[in-house]
1. So if I place +1 on the C-beta of Lys and Arg and -1 on the C-beta of Asp and Glu, and nothing else carries charge, what would the dipole magnitude of segment 4-250 be about its Cα centre? I want it in debye, nearest 20.
2. Efficiency by 1/(1 + (r/R0)^6): what FRET value for ALA260 and LYS233, r their Cβ-Cβ distance, R0 = 25 Å, to the nearest 0.05?
3. Among the lysines in the chain, how many pairs, 8 or more places apart or on different chains, have alpha carbons under 29 Å apart?
4. Could you give me D for the chain, from Stokes-Einstein at 10 °C and 1.306 mPa s, where the hydrodynamic radius is the Kirkwood radius over C-alpha pairs? Units µm² s⁻¹, please.
5. Provide the net charge surrounding SER164, with neighbours chosen by a C-beta distance below 11 Å and charges set as Lys +1, Arg +1, Asp -1, Glu -1.
6. State, as an integer percentage, the relative contact order of segment 4-250 based on alpha-carbon contacts under 8 Å between residues 6 or more apart.
7. Considering only C-alpha atoms, what is the centroid distance from segment 207-241 to segment 1-53, in Å?
8. Fully extended, how many nm does the chain gain between ARG215 and ARG87 (0.36 nm per residue separation, minus their Cα-Cα distance)?
Amino acid sequence: MTTVVSTPTDRAAIREAYQSDGYVLVKGLISPEEARGMRQEVHDLFQRVLTGRNGAWGSARKVAGAEGKQELQGMHDLQFYSAVFSRMLVDSRFVDAAAAALGVENLQLHHTKAFVKPSERGAPFPLHQDYPFFPHTLHRVAACIFHLDDAPEEKGCVTVIPRSHNLGPLQHTEEGNWHLSPDEWPISRAEPIEADAGDVLVFSYLTVHGSGVNRSQEARTTWLVQVRDPADKPTSDAHTFSRGQGMIIRGRDPEPTYTAPGRAPQRDEPNDAIRS
Ligand SMILES: O=C(O)CCC(=O)C(=O)O
């Protein structure tokens with residue numbers, strides 16, 4: 001059972017699916033042509049900057065059947081390298097759908113990253129919640145995965161456990177990146193969310209998710225944007241200083257704090273403290 005919302009503008013359906021199942025696949029949020037252009041941009045960028053780095057999680061080795069399939073290219077903050085990503089961060093098709101899912105008016109950027117899972121040897125992600133990486137108070141934090149090429153099951157598409165967001169924060173192991181025990185939580189427990197280029201999968205940071213090995217002949221390319229309600233505050237500094245975090249991408253910051261350039265936010269900073 002895959003929750004599919006066929007029109008990105010059906011906001012009530014997006015919200016209902018996300019709130020009840022912890023995720024929603026928004027079909028055709030961007031066109032296949034736009035997805036193709038962004039895909040090319042990711043691959044060009046990775047060639048220019050990621051010379052031979054392997055971004056697979058250490059814990060991917062614990063996943064059954066993943067022996068010898070441990071390759072992954074990934075990097076953060078793509079909007080600092082190419083304007084295609086900056087534009088999409090504030091595109092109303094995207095932010096309206098993400099805000100509808102979370103049931104909020106305002107939206108703040110947490111971070112972005114892209115992955116290329118190579119053909120035949122692309123590494124899996126063990127099941128996990130995103131919560132332990134960047135815990136927040138109200139749990140109004142969501143990942144939005146843009147599919148930049150088709151992601152059938154054999155390509156190692158994302159898998160989720162429907163309604164697992166209702167379990168609340170679960171006990172994770174930190175070693176090799178935060179993950180649940182692969183014995184207790186094998187990837188086979190989760191439902192594959194097959195997607196086409198242009199689809200965006202939105203899921204709560206409490207939803208248990210992961211992905212399998214890429215067994216196909218083609219690379220799988222995705223761009224992930226993590227967003228939150230600006231009223232939801234982090235309870236740790238673990239991820240607070242990623243580039244661009246805090247940028248308002250929809251609506252406004254309901255509790256703005258003046259920040260002088262080059263300084264950490266100061267509650268009582270006088271308005272004339274602008275430094276060039
Ligand atoms: O892209 C995937 O296959 C999963 C990514 C993921 O689970 C994560 O970045 O937390």
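Readers should treat all values here as calculations from the given coordinates under stated rules, not as data from a laboratory. Here the structure is a predicted model, which is why all the values come from computation and not from measurement. Every residue, glycine as well, gets a Cβ built from its backbone with ideal geometry; the counts of neighbours run over all protein chains shown.
1. For segment 4-250, the charge dipole is close to 380 debye.
2. 0.75
3. Going through the chain pair by pair, I get 12.
4. 83 µm²/s
5. Neighbourhood net charge equals 0.
6. 32 percent
7. Each part reduced to its Cα centre gives a spacing of 12 Å.
8. Extra length available between ARG215 and ARG87 comes to 42.8 nm.
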